[in-house]
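Data block below; observations after.
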Amino acid sequence: QVQLVESGGGLVQAGGSLRLSCVASGRTFSSYVMGWFRQAPGKEREFVAAIGGSTYYADSVKGRFTISRDNAKNTMYLQMNSLKPEDTAVYYCARQRAGGWIATRVENYNYWGQGTQVTVSS
């Protein structure tokens, strides 16, 4: 069973930065596309970024967020800069189902962390 544990969320002022981490259990971390999603109150969970052999970002975060991974540590990161109040959400890391392409739909991911809250004040 794969376990994903996020950390690094918190309260930050608009324009500030946070770095989220996601640690995965298991030996096959490097073989899978990993992604970040977020869910704001009353809204559906939405794609933020993903990383496999390449990276892909939602338009809303492009140029402000950077996704990376350290396969030796089974860890994925999301560096979030120039944060805006609309970035406020619970952020989840997820492992994509088998396949080398990057998917952006929730149903293409089958393992999820518990989430970490990010709150950006104006």
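For the chain, set up a GNM with springs between Cα atoms under 10 Å and report which of ALA58, ALA50, ALA89 has the largest fluctuation.
With Cα springs under 10 Å in the chain, the top fluctuation among ALA58, ALA50, ALA89 is at ALA58.
Which parts of region 87-111 would a label at ARG64 reach, counting a residue when its backbone N lies under 15 Å from a point 7 Å out along Cα-to-Cβ?
The answer is 87-91, whose backbone nitrogens lie closer than 15 Å to the label point.
Over the chain, with a Gaussian network built from C-alpha contacts below 10 Å, which listed residue (TRP101, TRP36, TRP112) shows the highest mean-square fluctuation?
Maximum fluctuation in the GNM of the chain, among the listed residues, is at TRP101.
Work out the FRET efficiency for SER54 and GLN3 from their Cβ-Cβ distance, taking R0 = 22 Å, and round it to the nearest 0.05.
Efficiency, rounded to the nearest 0.05: 0.30.
Under the rule that an exposed site lies in a DSSP loop and has at most 16 other Cβ atoms within 10 Å, name the longest stretch of the chain with no trypsin sites (Lys or Arg not before Pro) of that kind, not counting the sites themselves.
The segment 65-96 is the longest one with no such site.
Give a quick list of GluC sites (Glu not before Pro) in region 25-122 that DSSP marks as loop, anything other than H, G, I, E or B, with at most 16 other Cβ atoms within 10 Å.
GLU44
How big is the C-alpha Rg of region 23-122 next to the rule-of-thumb value 2.2 N^0.38 Å, as a ratio?
1.03
Straight-line reach only, C-alpha to C-alpha below 24 angstrom: list the lysines that LYS43 could link to, leaving out same-chain residues fewer than 8 apart.
Partners found: LYS62, LYS84.
Would you mind computing, in nm to one decimal, how far apart the modelled labels at GLN114 and ALA72 are, each placed 7 Å from Cα along Cα→Cβ?
2.9
For the chain, what is the accessible area per residue in Å², given a 1.4 Å probe and the full set of protein chains?
52
With an 8 Å Cα cut-off and a minimum separation of 6 or more residues, compute the relative contact order for region 1-102 in percent.
36
Can you give me the % of accessible surface on region 1-91 that is carbon or sulfur? Probe 1.4 Å, all protein chains present, nothing else counted.
For region 1-91, the apolar C and S fraction of the accessible surface comes to 46 percent.
The values are calculated or read from the model by the stated rules, or taken from the named source; none is laboratory data. For clarity, every value in this text was computed on a predicted model and none was experimentally measured. Quick reminder, even Gly has a Cβ in these numbers, built from the backbone with ideal geometry, and neighbours come from all protein chains shown. These area figures cover heavy atoms from the full protein model, side chains too; ligands, DNA and RNA do not enter into them. Shrake-Rupley method; radii C 1.70, N 1.55, O 1.52, S 1.80 Å.
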